[in-house]
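These notes are about the structure you will find just below.
The values are calculated or read from the model by the stated rules, or taken from the named source; none is laboratory data. Note that this is a predicted model, so its numbers are computed, not measured. No Cβ is skipped: glycine too gets one built from the backbone with ideal geometry, and neighbour counts run over all protein chains shown. These area figures cover heavy atoms from the full protein model, side chains too; ligands, DNA and RNA do not enter into them. Shrake-Rupley method; radii C 1.70, N 1.55, O 1.52, S 1.80 Å.
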Amino acid sequence: MALLRISLLKLVRRPATWVVFAILAGLIMLVFFALGASAGQLESAGEELQVRLLLAFPTAYTMVVGVILGFGGLLAVAYGAAIIGADWGWGTIRAVVARGESRVRYTLVTFAAIAIVLAIGVLVTFILGAGAAILAAEIAGVGSEGATDPDTLRTLPELLVRTWLGVAQAAAIGFAIAMLFKSQLAGIGAGLALYFAEMFLMLVPILRDGLAYFPFSVSGAVIATSDELGSGGFGSVPTLDPDQAVLWSLGYLVLALAIASIAARRAQITQ
Amino acid sequence: MTTAMTPPPTGSFALRTQGLVKRYGSRPALQGLDLAVPRGVVYGFLGPNGAGKTTLMRLLVGLIRPDSGRIEILGQPYDWRKRGVLHRVGALVESPVFYDYLSGRDNLRALAASGATVSSARVDEVLALVGLAERGRDKAGRYSLGMKQRLGIAAALLSDPELLLLDEPANGLDPGGIVAMRETLRHLTRQGKTVFISSHILPEVQQLADVVGIVDGGRLIREGSLGDLLSEGGQVKVRVAEAELQTAMAALGALGAPALPRPAEIPGLSWIDVSIQPARATDVNRALATAGIYASAIESGSDLESIFLSLTTTTPAPSAPPTAGWGERG
């Protein structure tokens, strides 16, 4: 527990944590304020209707978590890689290992701390995003009555847990890559490259069906989204059923942590 | 040639290596290193750049794995997969690194949470011990090189270790800090703890170490007590007036020891280096007095630097341009 507590302290005090959070929160609020401001000014009636649909609750909630999964997932890849990669790049891992600490325990506890910070981050950005969505709905004249509908509110905890799982899985992939390369820059670079490579693969017709099982497609599919929202930043690619995606996401998360643990155990620390 | 002290019983070694081999690709870093560090001493581990000092430190704390050979720490066989014995060891390996955005105290708390359990009272205790109590709440990123070094030593002391492994501990410390560190390490050995220092700052090691091991090319080439080492092949230096140099050389020649004159730092005076046991300094003095010469200074004994240079492949280049002595060694 002491190691987890101190790992959390390290994350909370680290500027990267607040930068990532600020980027995501800022982006979500920007998206909703832009939508709210654009409503009523669009020339096409179809586009106007689509904006109003997006701002209407409960769809707006799904859109908030969709943005968290999409942009947040992307940022989580970089964040996971940055946290563990820095231990290697800065050489701080040396002192920990030299104290006789288990490399695998340190790796897993560090990720547990990242997952906890991500959970808090998802919750806070969701609250901020929901607030921005309510404001945008009022600006657009759509109304926000649906935001407090009891049936909708009951679904929110599960929606948030699924969103957190998708984001944590993305972070685990960046984390594992940084651990393999023993570098935060390599981890961030390779993690983001993998993320975008998956998006570009949708252009290859032969891969389109299989793409649904790729890690970032899976992380984006853990929540059910309506057609007009796309799926977690991946547009109209085929996606898994959300429940199936949760299982695949858990699988990728465990696999990434297993790879990171094995890499940590085997690594020769010469930095 | 390796000269060892009379071997104490196995359990009395704080650290032992046998046939330790480590290669980086095709480049050998350690080639069968046999080392025996008795308990309760300050052991100076010396060697030129690239001799294998840092490689040994990394192996001892499990940062890297040996290709072959055995390591025994505090009487227990040590395996990089089972490093529990390191809970009783403190280490400062290479230059100390910390999270710049955390305070010095929080950096120590972060380390205290890994490995052996350490109380927060101990964190404050070691901070005070290295003179950082007042600056403990400042961010480590604002620390000077010397303060980071102090913090590194504090980190090594966290778990009140029985064996302390320090890589160049005097790096960046001011003279006051060096004296304080020396006193702290001496205090630890008085408590029966063992201090293993890897260094190439020879005067510092000479002041601190009880036992010295010299490594070169990945092999131990000399190991023994500092006293034994310094008493072998020593010399006596005498300073005489230049006008009396020839007479002095003739008088010293009668002792049967090679003597070599060189200019002294004071005009009109010369040093004569006499290759003779330091214990025979009185014979040198008597020979000069008999010849009617009174030396203005007599220094006896050997220094670690000359022994180190004679044993290792390091080549000093005093007359070469400053960069010439910094080349990579294979």
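In whole angstrom, how far apart do the alpha carbon centroids of region B:37-64 and region A:133-208 sit?
Computed from Cα coordinates, the inter-centre distance equals 48 Å.
Return the sequence-ordered ³J(HN,Hα) values of region A:131-148 in whole Hz as given by the Karplus equation 6.51 cos²θ - 1.76 cosθ + 1.60 applied to θ = phi - 60°, using x for Gly and Pro.
Once rounded to whole Hz, the list reads x, 5, 5, 4, 4, 5, 5, 5, 4, 7, x, 7, x, 10, 4, x, 5, 10.
Classify the protein assembly as shown as rounded, prolate or oblate from the Cα gyration tensor: take a ≥ b ≥ c as the square roots of its eigenvalues, call it rounded if a/c is under 1.5, otherwise prolate when a/b beats b/c and oblate if not.
prolate
Once the piece of chain linking B:Ser296 and B:Arg70 is laid out straight, how much longer is it, given 0.36 nm per residue of separation minus the C-alpha distance between them?
So the extension gain works out to 76.0 nm.
Quick one: what are the phi-derived ³J(HN,Hα) couplings along region B:51-60, Karplus 6.51/-1.76/1.60 with θ = phi - 60°, whole Hz, x for glycine and proline?
Coupling constants for region B:51-60: 6, x, 5, 5, 4, 5, 4, 5, 5, 5 Hz.
Amide H neighbours of B:Val42 under 5 Å, at least 5 residues apart or on other chains, H built in the peptide plane: list them.
Sorted by chain and number, the residues that satisfy this are B:Val195, B:Asp210, B:Val211.
Amide H of B:Leu220: which non-local residues (sequence gap of 5 or more, or other chain) have their own amide H closer than 5 Å, using H built in the peptide plane?
For B:Leu220, the qualifying residues are B:Asp34.
So who's got an amide H within less than 5 Å of the one on B:Ser198, skipping anything under 5 residues away but keeping other chains? H placed 1.01 Å off N, in plane.
B:Phe45, B:Leu166, B:Asp167, B:Glu168
Express in nm, to one decimal, how much length is gained between A:Ala22 and A:Ala34 on full extension, taking 0.36 nm for each residue of separation and deducting their alpha carbon distance.
Value of the extension gain: 2.6 nm.
Taking every pair of Cα atoms in chain B, average 1/r, invert it to obtain the Kirkwood radius, and report Rg/Rh to two decimals.
Taking Rg over the Kirkwood Rh, I get 1.05.
Among B:Ala281, B:Ala14, B:Ala140, which one shows the highest mean-square fluctuation when chain B is modelled as a Gaussian network with alpha-carbon springs under 10 Å?
Maximum among the listed residues: B:Ala281.
Rg and Dmax of region A:114-248, using alpha carbons, in Å: what are they?
Here Rg and the maximum Cα pair distance are 16.9, 52 Å.
Keeping all protein chains in position, work out how much accessible area B:Glu204 exposes to a 1.4 Å probe, and write it in Å² to the nearest 10.
Per-residue accessible area (B:Glu204): approximately 20 Å².
Could you order B:Val284, B:Val118 so the one with the most accessible surface comes first? Probe is 1.4 Å.
B:Val118, B:Val284
Say we join alpha carbon atoms closer than 10 Å with springs in a Gaussian network model of chain A; which of A:Leu24, A:Leu108, A:Leu207 then has the biggest fluctuation?
Per the Cα network of chain A with a 10 Å cutoff, A:Leu207 tops the list.
Let me know the whole percent of all Cα-Cα pairs from region B:187-276 that are separated by more than 20 Å.
Percentage above 20 Å: 56.
Can you give the log10 of the normalised intensity I(q)/I(0) at q = 0.07, 0.09 Å⁻¹, computed with Debye over equal Cα scatterers of region A:2-266?
Summing over Cα pairs of region A:2-266 leads to -0.26, -0.42.
Ignoring ligands and nucleic acids, what accessible area does B:Glu265 show with a 1.4 Å probe (Å², nearest 10)?
Solvent-accessible area, nearest 10 Å²: 130 Å².
Roughly how much of B:Asp138 is accessible, in Å² to the nearest 10, using a 1.4 Å probe?
Near enough 50 Å² of accessible area.
Quick one: Karplus J couplings for region B:261-270, per residue in order, coefficients 6.51, -1.76, 1.60, θ = phi - 60°, nearest Hz, x for Gly and Pro?
Taking θ as phi minus 60°, the curve returns x, 8, x, 8, 6, 9, x, x, 10, 9 Hz for region B:261-270.
Roughly speaking, what is the centre-to-centre gap between region A:16-63 and region A:85-118 when only Cα atoms are used, to the nearest Å?
Taking the Cα centre of each part, region A:16-63 and region A:85-118 sit 38 Å apart.
Averaged across the residues of A:6-14, what count of C-beta atoms belonging to other chains lies within 10 Å of each residue's C-beta?
4
Which value in nm describes the separation of the simple spin-label points at B:Arg186 and A:Arg105, placed 7 Å from the Cα toward the beta carbon?
3.8
For A:Ser44 paired with A:Val124, estimate the spin-label separation in nm (one decimal), with each label point 7 Å from Cα along the Cα-to-Cβ line.
3.8
Let's test the formula: R0 of 35 Å, r as the Cβ-Cβ distance of B:Glu265 and B:Leu145. What FRET efficiency results, to the nearest 0.05?
So the FRET efficiency works out to roughly 0.65.
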